[in-house]
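The values are calculated or read from the model by the stated rules, or taken from the named source; none is laboratory data. Here the structure is a predicted model, which means the values were calculated and not measured. Neighbour counts are summed over all protein chains in view; Cβ atoms, including those assigned to glycine, are modelled from backbone coordinates with ideal geometry.
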Amino acid sequence: MKQPQLNDPHELIGVGLPDGDGDYMAECLTEEYLLLGWSDQQLMTLFMRPCFSMTHRIYLDRGHDYVAALIARVRGKWSANEMDGGYA
Amino acid sequence: MPDVFNWQLGRKMNYPYAEKHPRSQFAFVFNINRCIACQTCTMACKSTWTFSKGQEYMWWNNVETKPYGGYPQSWDVRLLGLLDDAHRKVGRAAQWDPNQRAGADRPYGVYDGMTIFEAARSGEKRDQVALGYEPTDQEWRFPNFYEDAATGSENVPDKLSMKPATLPAHGTWFFYLQRLCNHCTYPACLSACPRGAIYKRPEDGIVLIDQGRCRGYRKCVGQCPYKKPMFRATTRVSEKCIACYPRIEGKDPLTENEPMETRCMAACVGKIRLQGLVKIGDDGKWLEDRYNPLYYLVRVEKVALPLYPQFGTEPNGYYIPPRWVPRPYLQQMFGPGVDEAIEKYTYPSRELLAVLALFRASQKIVFRYEIIEGPKIFERTINGKKWSMYNDTIVGFSKSGKEIVRVSVEEPKYVRPDKHYNSI
């Protein structure tokens, strides 16, 4: 991990930070848009397109399979067909 | 210097002017969890207000990548550093005492440290009313510098390049922070102006710079902690966000005299923004307005929190904090209410879920809502907690009491045909 250089005008660029959970970050973002009604294909596009830097960074770091599995897992978590009690 | 009451700090504080409050206050809530930094808000503002000569570097609304980014560069790191230095010099610590939480006067407890006004008074050189600094031209010049890389069209109309960014990447957590003028209750820009050119409108609390009185001393630029007043070299006066006040006044013919949300709010693609007006009493406290969505989110559910409340200006922009970010970072940015806010957002109550559906459902400002209960549609254990969802319908009403929006928690979906360019 690069250490911050206080005399570097771009001292915060590309510096890793302690703590934080990248997997949870990816899950939260997926969940937000899935709950807005986005399809799996739309969600995958959100990760694949470089215009959306945050989600695309996850895509580059973790790969296509990771994102596909993530979307499937979050879909399963919120899917009405797989819920504990079913529709009331 | 008189004492004024700042409910976000849970105590009185020094401010150069005695308390005098507007009848209502411009305020907004941003849900950070949903923002993907598409910058549609930024461009909506830019194309409306700051497209002229001398305004090239001005972004009254901007979205920056945290923890790295800032416009102007490192504005909050610099401010926090100045505040830390001021505390160190007098041997004090800037701490919150959340145990003193009590009702509407102290919802986050009490801040024991110094605000930017108090820190300015504690220094040897009292050349500032509020602690601050004036950013350099270099710091203003590059919004989102090294934060996110835009993708161009490769000279082919309507065809985006799919090549990834090659700039240094952030190998860690991050999130996007949406920023505009907070139209603070105790504005540092207003207090810093030696000309008395900055004023807070009594009808809606919007903070404006009188362009006729301003002589461009730039004291507001240096002492606003959020760095939202900006100097225009071509006119030699300062400018800032005007909260799209013609829209707030209902002057846009589209809304038939009903107050309308600002350009940046109305343009939000991710549905993260909700803006309105809250009622203010003579003592500056928010009057109870239980079914105003902003009152509910900030004062009842406490899911939305002020940005850097420790600065002491009582900002009127509130944020639902991002769930995935380490708590100490969020607590520094939004104060001690973070844990409660995230818990409530992660497992939203029936009412909160309905109110979240109001975000970006209408361009008109929602002054009151009603919820019509619907059937339970979902019940299961989420992250170890039993949670139910109801397909309630929420109805929003305008200032004059007309129904302006009706939306259900489970919205009917319309898929835009893929022949349109912006279908994804």
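Assuming B:W324 fulfils every condition listed in (1) part of a loop (DSSP other than H, G, I, E, B); (2) under 18 Å from B:L277 (Cα atoms); (3) of a type outside the set (G, A, S); (4) touching an Asp or Glu at 6+ places or on another chain (Cβ under 7 Å) apart from one, which condition is it?
(2)
On the basis of being surrounded by fewer than 23 Cβ atoms within 10 Å (Cβ to Cβ) and in contact (Cβ under 8 Å) with a residue 60 or more places away in the chain, does B:G312 make the cut? Show your work before the answer.
Details: surrounded by fewer than 23 Cβ atoms within 10 Å (Cβ to Cβ): no; in contact (Cβ under 8 Å) with a residue 60 or more places away in the chain: yes.
Considered against the rule, which asks whether it is surrounded by fewer than 23 Cβ atoms within 10 Å (Cβ to Cβ) and in contact (Cβ under 8 Å) with a residue 60 or more places away in the chain, B:G312 comes out as no.
Within the stretch B:174-203, how many residues turn out to be over 26 Å from B:T42 (Cβ atoms) and under 17 Å from the mean Cα position of the chain (by Cα)?
So the answer is 1.
Need pairs with beta-carbon distance below 9 Å; first residue farther than 11 Å from B:Y226 by Cα and within 14 Å of chain A (Cβ to nearest Cβ) and within the stretch B:71-89, second surrounded by fewer than 18 Cβ atoms within 10 Å (Cβ to Cβ) and basic (K, R); sequence gap 6+ or separate chains.
B:Q73/B:R141
Can you spot a residue in the stretch B:253-260 that is within 24 Å of B:D76 (Cα to Cα), part of a loop (DSSP other than H, G, I, E, B) and among the charged types (D, E, K, R)?
The first filter runs over the stretch B:253-260 and keeps only residues within 24 Å of B:D76 (Cα to Cα), leaving none.
No, the stretch B:253-260 contains no residue that is within 24 Å of B:D76 (Cα to Cα), part of a loop (DSSP other than H, G, I, E, B) and among the charged types (D, E, K, R).
With respect to the numbered conditions (1) farther than 30 Å from A:R49 by Cα; (2) away from every other protein chain (no Cβ under 14 Å); (3) surrounded by 15 or more Cβ atoms within 10 Å (Cβ to Cβ), which one is the sole condition not fulfilled by B:G103?
Just one mismatch for B:G103, condition (3).
Tell me the residue from B:I36, B:I32 that is in contact (Cβ under 8 Å) with a residue 40 or more places away in the chain, over 21 Å from B:A243 (Cβ atoms), within 13 Å of another protein chain (Cβ to nearest Cβ) and of a type outside the set (S, T, Y), please. Spell out the reasoning first.
On the way: B:I32 fails: over 21 Å from B:A243 (Cβ atoms).
The unique qualifying residue is B:I36.
What's the number of the only condition in (1) modelled with pLDDT of 85 or more; (2) within 25 Å of B:G70 (Cβ to Cβ); (3) surrounded by fewer than 19 Cβ atoms within 10 Å (Cβ to Cβ) that A:R75 fails to meet?
Of (1) modelled with pLDDT of 85 or more; (2) within 25 Å of B:G70 (Cβ to Cβ); (3) surrounded by fewer than 19 Cβ atoms within 10 Å (Cβ to Cβ), only one is false for A:R75: (2).
Any chance the stretch B:107-119 includes a residue that's β-branched (V, I, T) and within 14 Å of chain A (Cβ to nearest Cβ)?
No; the residues of the stretch B:107-119 include none that is β-branched (V, I, T) and within 14 Å of chain A (Cβ to nearest Cβ).
Please tell me if B:Y68 is aromatic (F, W, Y) and either within 14 Å of chain A (Cβ to nearest Cβ) or assigned to a strand (DSSP E or B) (or both). Spell out how you get there, then give the answer.
Numbers: aromatic (F, W, Y): yes; either within 14 Å of chain A (Cβ to nearest Cβ) or assigned to a strand (DSSP E or B) (or both): yes.
Here the answer is yes, as B:Y68 does meet what is asked.
So, in the stretch A:35-61, exactly how many residues are within 12 Å of another protein chain (Cβ to nearest Cβ) and assigned to a helix (DSSP H, G or I)? Give the derivation first.
At the first step, the residues of the stretch A:35-61 found to be within 12 Å of another protein chain (Cβ to nearest Cβ) are A:35-39, A:41-61.
Checking which are assigned to a helix (DSSP H, G or I) leaves us with A:41-48, A:53-61.
Within the stretch A:35-61, residues that are within 12 Å of another protein chain (Cβ to nearest Cβ) and assigned to a helix (DSSP H, G or I) number 17.
Would you say B:G284 is within 16 Å of B:P315 (Cβ to Cβ) and at pLDDT below 95? Before the answer, list the steps.
Working: within 16 Å of B:P315 (Cβ to Cβ): yes; at pLDDT below 95: yes.
Taking the combined requirement at face value, the residue satisfies it.
Look at B:A130 and say whether it is touching a Cys at 6+ places or on another chain (Cβ under 9 Å), surrounded by 15 or more Cβ atoms within 10 Å (Cβ to Cβ) and in contact (Cβ under 8 Å) with a residue 12 or more places away in the chain. Lay out the reasoning, then the answer.
Numbers: touching a Cys at 6+ places or on another chain (Cβ under 9 Å): yes; surrounded by 15 or more Cβ atoms within 10 Å (Cβ to Cβ): yes; in contact (Cβ under 8 Å) with a residue 12 or more places away in the chain: yes.
Yes; evaluated as a whole, the condition is true for this residue.
Which residues, counting only those in the stretch A:48-63, are within 12 Å of B:I36 (Cβ to Cβ), touching a residue at least 12 places away in the same chain (Cβ under 8 Å) and hydroxyl-bearing (S, T, Y)?
A:T55 - this is the single residue of the stretch A:48-63 that is within 12 Å of B:I36 (Cβ to Cβ), touching a residue at least 12 places away in the same chain (Cβ under 8 Å) and hydroxyl-bearing (S, T, Y).
With the condition kept exactly as written, say whether any residue in the stretch B:370-379 is loosely packed, with under 12 Cβ neighbours inside 10 Å and either more than 9 Å from chain A (Cβ to nearest Cβ) or within 16 Å of B:Q275 (Cβ to Cβ) (or both).
Residues of the stretch B:370-379 that are loosely packed, with under 12 Cβ neighbours inside 10 Å, as a first pass: B:372-373, B:375.
Remaining after also requiring either more than 9 Å from chain A (Cβ to nearest Cβ) or within 16 Å of B:Q275 (Cβ to Cβ) (or both): B:372-373.
Yes, because at least one residue in the stretch B:370-379 is loosely packed, with under 12 Cβ neighbours inside 10 Å and either more than 9 Å from chain A (Cβ to nearest Cβ) or within 16 Å of B:Q275 (Cβ to Cβ) (or both).
Here are the criteria: (1) closer than 25 Å to B:R126 by Cα; (2) without any contact (Cβ under 8 Å) to a residue 40 or more places away in the chain; (3) under 18 Å from the mean Cα position of the chain (by Cα). Tell me which single one B:K46 does not satisfy.
For B:K46, the exception is condition (1).
Can you report the number of residues in the stretch B:394-406 which are part of a strand (DSSP E or B) and surrounded by fewer than 17 Cβ atoms within 10 Å (Cβ to Cβ)?
Applying the first criterion (part of a strand (DSSP E or B)) to the stretch B:394-406 yields B:394-397, B:403-406.
Narrowing further to those that are surrounded by fewer than 17 Cβ atoms within 10 Å (Cβ to Cβ): B:403, B:406.
Total satisfying the criteria: 2.
Can you name the residue in the stretch B:265-281 that is modelled with pLDDT of 95 or more and among the basic types (K, R) and is also nearest to the chain's Cα centre (by Cα) among such residues? If you could, list the steps in order and put the result at the bottom.
Narrowing the stretch B:265-281 to residues modelled with pLDDT of 95 or more: B:265-268, B:272-280.
Okay, now just the ones that are also among the basic types (K, R), so B:273, B:279.
Values: B:R273: 9, B:K279: 18 Å.
Within the stretch B:265-281, the match that is nearest to the chain's Cα centre (by Cα) is B:R273.
For B:L297, indicate whether it is in a helix (DSSP H, G or I) and either closer than 23 Å to A:M54 by Cα or touching a strand residue (DSSP E or B) at 6+ places or on another chain (Cβ under 6 Å) (or both). If you could, list the steps in order and put the result at the bottom.
Numbers: in a helix (DSSP H, G or I): yes; either closer than 23 Å to A:M54 by Cα or touching a strand residue (DSSP E or B) at 6+ places or on another chain (Cβ under 6 Å) (or both): yes.
Yes; evaluated as a whole, the condition is true for this residue.
With respect to B:Y390, is the statement that it is of a type in the set (S, T, Y), crowded, with 16+ Cβ neighbours inside 10 Å and at pLDDT below 95 true? Even if it seems obvious, please write down each step before you answer.
Values: of a type in the set (S, T, Y): yes; crowded, with 16+ Cβ neighbours inside 10 Å: yes; at pLDDT below 95: yes.
Yes: the conditions hold for B:Y390.
Just one of the numbered conditions (1) at pLDDT 95 or above; (2) farther than 30 Å from B:K402 by Cβ; (3) not polar (S, T, N, Q) is not true of B:I382; which one?
(1)
Quick check on my filter: what residues within the stretch B:44-70 are of a type in the set (F, W, Y) and either touching a Cys at 6+ places or on another chain (Cβ under 9 Å) or within 12 Å of B:Y176 (Cβ to Cβ) (or both)? Steps first, please.
Step one: list which residues in the stretch B:44-70 are of a type in the set (F, W, Y), which gives B:49, B:51, B:57, B:59-60, B:68.
Scanning the stretch B:44-70 gives B:W49, B:W59, B:W60, B:Y68.
Mind telling me which of the residues B:W75, B:W59, B:W96 ends up being crowded, with 19+ Cβ neighbours inside 10 Å, more than 20 Å from B:L208 (Cα to Cα) and in contact with a Lys or Arg (Cβ under 8 Å, 6 or more places away or on another chain)?
Going through B:W75, B:W59, B:W96 in turn, just one is crowded, with 19+ Cβ neighbours inside 10 Å, more than 20 Å from B:L208 (Cα to Cα) and in contact with a Lys or Arg (Cβ under 8 Å, 6 or more places away or on another chain): B:W75.
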